[in-house]
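The structure under discussion appears below in the form of structure tokens.
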Amino acid sequence: MAGKLRIPVVFLCGFLLALWHVNSIVSSTIPHQYESRDLTATGIIGSLPGRAESGRRFTFIIDRLYADGHPIPFSGKVRLRWYGRTPNLGSGERWRLTIRLKHPH
């Protein structure tokens, strides 16, 4: 009997772990009033920039985030896309960027 319950219990534990991970990502998002606004972010490029259709995409690790010069209580990794002509970006470089963030989907 214990052998038959092992697979459903492992599946349930995996599902709960995935649910906890998704909840931690969604709960660390920016407040809604700052979504799709110009924000100033300082941080480090966390991945090698890859080519996108019209620019580059990369992971950016935000140290500080500001709206209109006022700090926003947010830090963490975000995926950014830089449209148009881009400078040479390297993993580990520190940048100050004007960005627009959206909630994860």
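The values are calculated or read from the model by the stated rules, or taken from the named source; none is laboratory data. Computed from a predicted model, the values in this text were never measured in an experiment. We place every Cβ from the backbone using ideal geometry, glycine too, and count neighbours over all the protein chains shown. Side chains are part of the model used for accessible areas, which takes the heavy atoms of the whole protein and leaves out ligands, DNA and RNA. Shrake-Rupley method; radii C 1.70, N 1.55, O 1.52, S 1.80 Å.
Evaluating TYR66 against the criteria (1) modelled with pLDDT of 90 or more; (2) closer than 14 Å to HIS103 by Cα leaves one unmet condition, (2). Beta carbons closer than 8 Å, at least 6 apart along the sequence or on distinct chains, pair a first residue in region 76-97 that is within 16 Å of ALA41 (Cβ to Cβ) with a second that is at pLDDT 90 or above and part of a loop (DSSP other than H, G, I, E, B) for LYS77/GLY46. Among the residues of region 50-100, the one identified as touching a helix residue (DSSP H, G or I) at 6+ places or on another chain (Cβ under 7 Å) and either among the small types (Gly, Ala, Ser) or not in a strand (DSSP E or B) (or both) is ALA67. For region 69-99, give me each residue that is more than 14 Å from the chain's Cα centre (by Cα), open to solvent by 70 Å² or more (accessible area, probe 1.4 Å), under 21 Å from HIS32 (Cα atoms) and modelled with pLDDT under 90. Result: PRO73, single match.
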